[in-house]
Amino acid sequence: MPSLNWIGKEKIITHHAEVPFRVLEHRYGFNSKCPDSTEAIGTGNKIIHGDNLAALKSLLPEYEGRIDCIYIDPPYNTGNEKWRYNDNVNDPHILRWLGEIVGAEGEDFTRHDKWLCMMYPRLVLLRQLLSDKGAIFISIDDNEVSRLRTICDDIFGANCFKGDVIWHKTYSPRNDSKGIPTETDHILVYSKSKDWLPKRLERDEEMDGKYSNPDNDTAPWTSSDACAPNAATHQGMVYAIQHPFTGELLYPYNNACWRYGQDQMLEYFKGWCEYELRELDDAEKRAEICGVPVETVRPGVKAIMLKNSLEESREKAQNVLETGPWPRFYFTKNGQGGIRRKTYLTAVEGKLITTFWDYTEVGHTDAATKELKAIFGGRSPFETPKPSSLIERIVQVATDEDSIVLDAFAGSGSTAHAVLSQNSKDKGNRKFVLVELMDYAEDITAERVRRVMAGYPYKGKVKEELYRKPLTAANLAKVPQFLAEANAIRDSNADRFTKIAKPTVKDNAIVVVGELNVDGTMPGLGGGFDFYELGEKLFTDEDTLNENVGEDKIREYIYYSETRQHLSRPQSEDYPYLLDYKDGTGYFFYYKPKELTTLSPETLNIVPVKADHYVIYADICTISADQLAKMNITFKKIPRDINRF
């Protein structure tokens, strides 16, 4: 597999392991009933202010393997963003970059090296946080997409690459005197497991319009191919079927076989008239279809033939044709054509996503700015927001109703907005975790989420698309019907809007848009969140435990370092040193702030329940190694034996 080399690569690929573990310090909680609580709200939604590299590591004890969907919008490294490289990597080639603003390529020839050194360790930690059914979506443009694809192949695995989604981000042509105008961005998609599949979108009217019920069947259906590929390996499914209207012998086309086994096909055709299996001298024809020498074609494959005369068979088949319903395999051209198969609407799933997302479906950059202006009273405090509708599409195809969504480059908070919006639509209980380095984490990121949750003052016009019917070559004849539908929608919604425009054609579709003049408050989506700052290191520079972080954080870290699981068991007054039991092992942290603890025969009463094995942390142990082995106890010294990750 191709590899990518850059300045500092040797040091950066393991840098995530060297990042010191920091705790998260709770600052306040928010919901509409309690807008400024010093206590944690506990909704599961989090906004974290701090360097995302350190923050991602701090999230591991609670979230490793639990995040179903990650969306990130990192610096595109265009040369105009003025981002800084701040990771303190112990390498002379990289240390000299610390705090430098990354400028234009002409001014800084190591711009791409710095960007790769910044991205690589973060992507490694993001992969750790992904669940086995999770996927990551990364927005990027042409400046770094090829390099990003290469390092993601390295971190996630090339077999976990799921697609390069092209987002058509603008609705009007752009002028570019320097070259070809850019109207699209990339969204690279990688999964934790190679078997990951996106969820399907809800079916639309255009898709369902392809299904009909001309024969009074139990459900609408559409015409599908009666054949399947690989005739050479399925020679028992290559044979003649006699036509009940014409008597003609019908075969699969070359290199194809019938869709199902012969017994099942025979039963389907008995729905037209009486059929039977009969030997034909047609080895040469079947060999031609299978693409094999006639002497090697499978012998003894019988044909499905009319049991009675053609006249009697035609009469029975004609009756079925006129009264219906027709069997699963039917004859086209009013009974005179070839064989086709019914595919029922009830058997098909929703709409598959593709690698092209048009702004008409997921929004564009100008809409994102207008969305932010509406929330912030007419000003846009963020230069390059993403439309929440774009991220909502990602949430739709990559989450369940109780999934956790992570955004480590939170920016204006569009991801939280998208999660809240989708929850309001399907009554879901998804949670979001946002991380933002910049000081606007409070004034923009969290403030936007507050306003979206609680509602916000708004004065102006709000537009809502009420009807959209794409115009295609296949449905142009139905334009009068579409106009009638559009006018009916317009009339039925007249009381809801200040103004509803007449049906118009926009972007090759008939569209009806309602316009509402709002002079009051936009309704909130509900919910709450807790705001955190990146706190102190768990271990001091002298490699001792930092007792300032609090015992709860230390206990969570110890349990995670042993089990790679989140510690959810509350600390008990009766047995305060028990962490939890897992897979037959009891884990204990015999710890007292500002005081040494000793594991001895007298202090073994810290164990409340018998287990197959025990892992006990303490400062000192006076029990011999032999006795520990007999009691199935592994002693670990604080802080020496605490794993660093």
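The values are calculated or read from the model by the stated rules, or taken from the named source; none is laboratory data. Everything quoted here is computed from the prediction, not taken from an experiment. For neighbour counting, all protein chains shown are included, and Cβ atoms are generated from backbone atoms with ideal geometry for every residue, glycine included. Side chains included, ligands, DNA and RNA excluded: accessible areas come from the protein's heavy atoms. Shrake-Rupley method; radii C 1.70, N 1.55, O 1.52, S 1.80 Å.
Observations on the model:
- In terms of Cα atoms, the Rg and Dmax of the range 530-582 work out to 12.5, 34 Å.
- Per residue, in Å², the accessible surface of the range 3-127 once ligands and nucleic acids are set aside, probe 1.4 Å: 43
- Less than 5 angstrom separates the built amide H of residue 68 from those of 131, 404, all sequence-distant by 5 or more or on a different chain.
- Solvent-accessible surface (1.4 angstrom probe) belonging to residue 633, in square angstrom, nearest 10: 20
- Length-normalised contact order of the range 271-371 in % [C-alpha pairs under 8 Å, at least 6 apart]: 22
- Carbon and sulfur %, accessible surface of the range 1-135 computed with the full protein complex present, 1.4 Å: 49
- 3J(HN,Hα) couplings calculated from phi for the range 577-582 with the Karplus curve 6.51 cos²θ - 1.76 cosθ + 1.60 (θ = phi - 60°) are, in sequence order, 9, 6, 8, 5, 10, 8 Hz; Gly and Pro show x.
- Where chymotrypsin sites (Phe, Trp or Tyr not before Pro) fall in DSSP loop in the range 350-426, at most 15 other Cβ within 10 Å: none
- For residue 641, the solvent-accessible surface computed with a 1.4 Å probe is close to 50 Å², ligands and nucleic acids excluded.
- Sequence of 207, 119 when ordered by accessible area, the most exposed leading, probe 1.4 angstrom: 207, 119
- Expressed in Å, the radius of gyration and Dmax of the Cα atoms of the chain are 32.7, 102.
- Phi angles across the range 164-172 convert, under the Karplus curve 6.51 cos²θ - 1.76 cosθ + 1.60 with θ = phi - 60°, into 3J(HN,Hα) values of 10, 6, 9, 9, 7, 8, 10, 9, 9 Hz, Gly and Pro given as x.
- Distant-in-sequence amide contacts of residue 539, defined by a placed amide H-H separation under 5 Å and a gap of 5 or more residues or a different chain, comprise 21, 546.
- Shape analysis of the range 109-150 places it in the oblate category; the axes a ≥ b ≥ c from the Cα gyration tensor give an a/c of at least 1.5, with a/b not above b/c.
- Only Lys, Arg (+1) and Asp, Glu (-1) charged, at Cβ; the chain dipole about Cα centre in debye: 1040
- Charge dipole (Cα centre; +1 on Lys/Arg Cβ, -1 on Asp/Glu Cβ; no other charges) of the range 302-445 amounts to roughly 1180 debye.
- Of 296, 540, the order by accessible heavy-atom surface (1.4 Å probe, DNA, RNA and ligands excluded), from most exposed downward, is 296, 540.
- Under 5 Å, built H, 5+ apart or other chain: amide partners of residue 513: 466, 501
- Normalising the average separation of contacting C-alpha pairs (under 8 angstrom, six or more residues apart) by the number of residues puts the relative contact order of the range 481-590 at 12 percent.
- About the Cα centre, charge dipole magnitude for the range 277-323 (Lys/Arg +1, Asp/Glu -1 at Cβ), debye: 200
- Ranking 568, 403 from most to least accessible surface, computed with a 1.4 Å probe over the protein chains only, gives 568, 403.
- ³J(HN,Hα), Karplus 6.51/-1.76/1.60, whole Hz, each residue of the range 492-497, x for Gly, Pro: 6, 10, 4, 6, 7, 10
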